[in-house]
Amino acid sequence: MAAAADNEVAVITHRTVDANGLRMHVAEAGPPGAPPVLLLHGFPQVWYAWRHQMRALADAGYRAVAPDLRGYGDSDAPAAELQYTAMHVVGDLVALLDAVVGAGKPVFVVAHDWGALTAWNLCLFRPDRVRALVSLSVAFTPRSPARRPVDGLRALYGDDYYICRIQEPGAIEAEFARLGTELVLRKFLAYRTPGPLMMPKSGWGSPDDEVPLPSWITEEDIKYYASKFDKTSFTGGLNYYRALNKTWELTAPWTGAEIKVPVKFIVGDLDLTYHTPGIQDFIHKGGFKKYVPLLDDVVVMKGVGHFINEEKPKEVSEHVISFIRKLSAEM
């Protein structure tokens, strides 16, 4: 496979694609005919979260495709919160792949946070469209038929847990407006406590809070993210959380189903998701492998937080490219 010359810098291009009744913004890098890699961002981010991996993939001879998911950035944002279920978002991706890659063609997928949750569902619903998955931060967890997810989180953490606080439409948006977009983004991106994120009803701090940025993100990066959320508000991204229980209802037919594609999982040991009660035993003591039988590798990166693809761009890119190359050689 031909890689970019050493003196070339991969160019990221942008276009809008009609997919599943939406207009979706897509960023791309790399040769048009090269093997495609679909990159799925999380909250509160947009395609820009993958800027480092896009250039690395393009330089390695792959075609990186990074959309703004529905409700984010320059993609359409349906108003109804229940239009953000897994069925809707996976439907967007299938239509997007048909338009960008070609009908029926499978791709490599790399995903983080809500993008990872969406990618796991893409693997469940349409494994024919996924050659392999690299999931960052969020492991696959099987659907529990006993309790709706938000109910379970409220029982575990209480009403101040951020996912529970998000459930009431408008309430958390008002809190974010009080704090200001840039400060909200700073609070999320700088969060490194290996434990649950709480947003007390008494307030998530003061608009005068000073939150130093970690070394891996710049003021320019924050301003770019803020420009997108100032345009669309946070509501689209928050609606994914509000649709969690509805997704649970709709995915009942997949209770007990396994992920049938090759997978590599990467997480930071300071990631709040890695400290959910029971998750480390599930990942390392056989539960994860039971439901993801083609799990190839689990990588725990020391001293790394949740936004792993931005905090450790070189290392994550190397993990992704080596996994894709390994599987490509075997296929």
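The values are calculated or read from the model by the stated rules, or taken from the named source; none is laboratory data. None of these values were measured; they are calculated from a predicted model. A quick note on method: Cβ atoms are made from the backbone with ideal geometry, for glycine too, and the neighbour counts reach across all protein chains shown. Side chains are part of the model used for accessible areas, which takes the heavy atoms of the whole protein and leaves out ligands, DNA and RNA. Shrake-Rupley method; radii C 1.70, N 1.55, O 1.52, S 1.80 Å.
Here is how the numbers come out for the structure above:
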| read-out | value |
| --- | --- |
| Residue count, region 134-151 (criterion: open to solvent by 10 Å² or more (accessible area, probe 1.4 Å) and in a helix (DSSP H, G or I)) | 2 |
| Residue, most open to solvent (accessible area, probe 1.4 Å), within region 102-123, restricted to residues that are closer than 24 Å to F265 by Cβ and either aromatic (F, W, Y) or over 16 Å from the mean Cα position of the chain (by Cα) (or both) | P106 |
| Selection status of E182, in a helix (DSSP H, G or I) and open to solvent by less than 40 Å² (accessible area, probe 1.4 Å) | no |
| Residue identified as open to solvent by less than 20 Å² (accessible area, probe 1.4 Å), under 18 Å from T118 (Cβ atoms) and assigned to a strand (DSSP E or B) among V267, V261 | V267 |
| Tally, over region 271-291, of residues that are part of a helix (DSSP H, G or I), farther than 15 Å from P142 by Cα and touching a residue at least 60 places away in the same chain (Cβ under 8 Å) | 4 |
| Filtered residues of region 173-205 (kept if aromatic (F, W, Y) and within 18 Å of the chain's Cα centre (by Cα)) | F188, Y191 |
| When residues of region 298-319 are limited to those that are among the acidic types (D, E) and within 24 Å of R63 (Cβ to Cβ), the one least open to solvent (accessible area, probe 1.4 Å) | E310 |
| Answer from S328, S322 - the residue that is of a type in the set (S, T, Y), without any contact (Cβ under 8 Å) to a residue 24 or more places away in the chain and over 30 Å from L156 (Cα atoms) | S322 |
| Criterion (touching a strand residue (DSSP E or B) at 6+ places or on another chain (Cβ under 8 Å), small (G, A, S) and either at pLDDT below 95 or open to solvent by 50 Å² or more (accessible area, probe 1.4 Å) (or both)) met by exactly one of A10, A34 | A10 |
| Matching residues, region 81-93, being open to solvent by 50 Å² or more (accessible area, probe 1.4 Å) and not charged (D, E, K, R) | L82, Q83, M87, H88 |
| Filter result (closer than 30 Å to C123 by Cβ and assigned to a helix (DSSP H, G or I)) within region 152-171 | G152, L153, R154, A155, L156, Y157, Y162, I163, C164, R165, I166 |
| Hits in region 185-198 - residues which are part of a loop (DSSP other than H, G, I, E, B) and of a type in the set (F, W, Y) | Y191 |
| Where G61 falls short, out of the listed (1) out of contact with any helix residue (DSSP H, G or I) (no Cβ under 9 Å at 6 or more places or on another chain); (2) open to solvent by 10 Å² or more (accessible area, probe 1.4 Å) | (2) |
| Restricting region 185-198 to residues that are free of Cβ contacts under 8 Å to residues at least 60 places away in the same chain and touching a helix residue (DSSP H, G or I) at 6+ places or on another chain (Cβ under 8 Å), the residue that is most open to solvent (accessible area, probe 1.4 Å) | M198 |
| First in region 30-55 and free of Cβ contacts under 8 Å to residues at least 40 places away in the same chain, second anywhere and among the aromatic types (F, W, Y), Cβ under 6 Å, 6 or more apart | G30/Y62; A34/Y62 |
| Region 199-237: number of residues that are of a type in the set (K, R), at pLDDT below 95 and either open to solvent by less than 60 Å² (accessible area, probe 1.4 Å) or not in a loop (DSSP other than H, G, I, E, B) (or both) | 1 |
